[in-house]
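Enquirer: So that we are looking at the same thing, I have put the structure below in structure tokens.
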There are 2 protein chains.
Amino acid sequence: MTTERLRDLIETMPTELPPLTVELVRDLDIAEHLAIADVAALTGLSPHTLRYYERIGLVDVARDAGGRRVYDRDAVGRVVFITRLRDSDMPIASIARYVELVKQGPETEPERLALLEAHRADVLVRLRDLQAALAVVDYKITTYGGACGS
Amino acid sequence: MTTERLRDLIETMPTELPPLTVELVRDLDIAEHLAIADVAALTGLSPHTLRYYERIGLVDVARDAGGRRVYDRDAVGRVVFITRLRDSDMPIASIARYVELVKQGPETEPERLALLEAHRADVLVRLRDLQAALAVVDYKITTYGGACGS
DNA sequence: ACTTGCCTTCGACCGCACTCGAAGTCCTAC
DNA sequence: GTAGGACTTCGAGTGCGGTCGAAGGCAAGT
């Protein structure tokens, strides 16, 4: 069974090495349709979280005859992309906005691009801030023994 | 009045330029004792947040005859250091632990150092993750027009 | 004397992003 | 046919980090 094979594949994967891009998923997804547990294993999200993402409209997921979720390639790619955005601290509200724009069709591409670029700017600021704060921590570590303000 | 002078100084400061270190505070603090509004202006925190930090034990702040908070150089330095730790996403619980160690005396220095170094490691991981996520966003921006998983 | 305005304490509330539990369904294996 | 386990929906709960509002106090300016 392809699903079992996928789970094995994930478990025996050199932990954390590939950053799991949307492109990677296209090659990796042997099976056309994945169950929620597979997607969970693949993304590191919990099934609870995956259901939550669907509930709030971030992904549409089909159902099989028994009413169970079936993630196709497209849905998996979407989930992976969402997790990347979340990893970069994009708020869920913004992601939802982006997804809605995608639904509205190709004429919203400029706005989508603007959204991503605004987010990119936020991330760069965050990176700079983190590095600045890190410098302070480093300073504190290296000068340990001084009593100032600690 | 030194307090007014300080507020003026802050308002007319070239916005955001100096990263406001504990060391800087030692030079900047003309007045020996600052009111909560001054510390708020200095740190960018709200008075509410400053009271909150005191409430949960992150800083001890003296009171004047009228019962109002009086931040001395030490307290200000502490608040500034705490904001740096928060800027680097150190959880409040860890900061509280650190502060408690400081209270317990100099024999806890090794543990404090360990705490800071563990945090430093976390920050480095976070930096790497952020950069990885940023790369995905960048890729998405540059290849805009492709339909994959978006 | 009185208004203005920042200050005090206290507890309640908020937004975010999950996270969980209950109650029930459905497939698989034995 | 029946036990097990993963699945479903729904609503409620959690943890973090603030954020706010009410009710009252004190001090300076007019």
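The values are calculated or read from the model by the stated rules, or taken from the named source; none is laboratory data. Since the structure is predicted, the reported quantities are computational estimates derived from the model, not experimental observations. Reconstructed Cβ throughout: ideal geometry from the backbone, glycine too, with neighbour counts over all protein chains shown. Just so you know, the surface numbers come from the protein's heavy atoms only, side chains and all, with ligands and any DNA or RNA stripped out. Shrake-Rupley method; radii C 1.70, N 1.55, O 1.52, S 1.80 Å.
Enquirer: Return the residues of the range A:69-82 that are free of Cβ contacts under 8 Å to residues at least 60 places away in the same chain and of a type outside the set (Asp, Glu); say none if nothing qualifies.
Expert: Selection gives A:ARG69, A:VAL70, A:TYR71, A:ARG73, A:ALA75, A:VAL76, A:GLY77, A:ARG78, A:VAL79, A:PHE81, A:ILE82.
Enquirer: Right, another one. Can you name the condition, by its number, that B:VAL99 falls short on among (1) within 22 Å of A:ARG73 (Cα to Cα); (2) among the β-branched types (Val, Ile, Thr); (3) more than 8 Å from every other protein chain (Cβ to nearest Cβ)?
Expert: Looking at each condition in turn, B:VAL99 falls short on (1).
Enquirer: Take A:ARG68 and tell me if it is open to solvent by 60 Å² or more (accessible area, probe 1.4 Å) and over 16 Å from the mean Cα position of the chain (by Cα).
Expert: Against the criterion (open to solvent by 60 Å² or more (accessible area, probe 1.4 Å) and over 16 Å from the mean Cα position of the chain (by Cα)), A:ARG68 qualifies.
Enquirer: Of the numbered conditions (1) within 14 Å of chain A (Cβ to nearest Cβ); (2) in contact (Cβ under 8 Å) with a residue 24 or more places away in the chain, B:ASP38 fails exactly one; give the number of that condition.
Expert: B:ASP38 satisfies every listed condition except (1).
Enquirer: Restricting the search to the range B:44-68, which residues are within 12 Å of B:ILE82 (Cβ to Cβ) and either away from chain A (no Cβ under 14 Å) or within 11 Å of DNA strand D (Cβ to nearest atom) (or both)? Talk me through it step by step, then tell me what you get.
Expert: Within the range B:44-68, the first condition is being within 12 Å of B:ILE82 (Cβ to Cβ), and the residues that meet it are B:45, B:49-50, B:52-54, B:56-59.
The answer is B:LEU45, B:THR49, B:LEU50, B:TYR52, B:TYR53, B:GLU54, B:ILE56, B:GLY57, B:LEU58.
Enquirer: In contact with a Ser or Thr (Cβ under 7 Å, 6 or more places away or on another chain) and more than 16 Å from DNA strand D (Cβ to nearest atom), is that true of A:LEU101? Steps first, answer last, please.
Expert: Details: in contact with a Ser or Thr (Cβ under 7 Å, 6 or more places away or on another chain): yes; more than 16 Å from DNA strand D (Cβ to nearest atom): yes.
So A:LEU101 fits the description; yes.
Enquirer: Could you check the range A:78-107 and list, in sequence order, the residues that are at pLDDT 95 or above and open to solvent by less than 20 Å² (accessible area, probe 1.4 Å)?
Expert: If the condition is that a residue be at pLDDT 95 or above and open to solvent by less than 20 Å² (accessible area, probe 1.4 Å), then A:VAL79, A:VAL80, A:PHE81, A:ILE82, A:THR83, A:LEU85, A:SER88, A:MET90, A:ILE95, A:TYR98, A:VAL99, A:LEU101 are the ones that fit.
Enquirer: Test A:VAL39 against the stated conditions and say whether it is within 12 Å of DNA strand D (Cβ to nearest atom) and assigned to a helix (DSSP H, G or I).
Expert: Spelling it out, A:VAL39 is indeed within 12 Å of DNA strand D (Cβ to nearest atom) and assigned to a helix (DSSP H, G or I).
Each row is one residue, and each column tells you yes or no for (1) open to solvent by 10 Å² or more (accessible area, probe 1.4 Å); (2) modelled with pLDDT under 95.
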{"site": "B:LEU116", "(1), (2)": "no, no"}
{"site": "B:VAL125", "(1), (2)": "yes, no"}
{"site": "B:GLN131", "(1), (2)": "yes, no"}
{"site": "B:VAL136", "(1), (2)": "yes, yes"}
{"site": "B:TYR139", "(1), (2)": "yes, yes"}
